[in-house]
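The values are calculated or read from the model by the stated rules, or taken from the named source; none is laboratory data. Note that the structure is a prediction, hence the values are computed from the model and not measured. Heads up, the Cβs are rebuilt from the backbone with ideal geometry, glycines too, and the neighbour counts pull from every protein chain shown. Calculation scope for accessible area: heavy atoms of the full protein, side chains included, ligands and nucleic acids excluded. Shrake-Rupley method; radii C 1.70, N 1.55, O 1.52, S 1.80 Å.
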Amino acid sequence: MIDVLHEVPLTLNEATRLPYLRRGGKPIHLATVHRWASRGAKGVRLETMKFPGGMRTTAEAVLRFLATLNGSPVVSHSKARTNAINAAERELQAAGFEIGG
């Protein structure tokens, strides 16, 4: 799910220019991103949200989409969220809880 408080919304056109979506050095076609958002690929749909100016996605949503397609769950956190998670883990450790991966 898109977290608009921690992820920067992109138009679908802006998403085509993400560096990891380049094909042969060129951006992928806008129709490809629209298809991912509407019909999906291999049963997986690209996360989007409707805004007054149109449909938006995020770079993190695209990464989650690609990771799911590739069968490798990737957890993408913004720096602020990572810092909050680390602070919470330190607080739990200080309270005597054992934190382990």
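A few notes on this one:
- Residue that is farthest from the chain's Cα centre (by Cα) [pool: residues in the range 3-17 that are surrounded by 17 or more Cβ atoms within 10 Å (Cβ to Cβ) and farther than 15 Å from Gly54 by Cα]: Thr16
- Among the residues of the range 39-60, those identified as open to solvent by less than 70 Å² (accessible area, probe 1.4 Å) and either among the polar types (S, T, N, Q) or on the phi > 0 side of the Ramachandran plot (or both) are Gly40, Thr48, Gly54, Thr57, Thr58.
- Inter-residue pairs, beta-carbon under 8 Å, first polar (S, T, N, Q) and in the range 24-52, second part of a loop (DSSP other than H, G, I, E, B), 6+ apart: Thr32/Thr16; Ser38/Arg45; Thr48/Ile2
- Residue check, Thr68 among the hydroxyl-bearing types (Ser, Thr, Tyr), closer than 14 Å to Met1 by Cβ and open to solvent by 50 Å² or more (accessible area, probe 1.4 Å): yes
- Number of residues in the range 22-65 that are over 21 Å from Asp3 (Cα atoms), of a type in the set (A, V, I, L, M, F, W, C) and outside any loop (DSSP other than H, G, I, E, B) equals 3.
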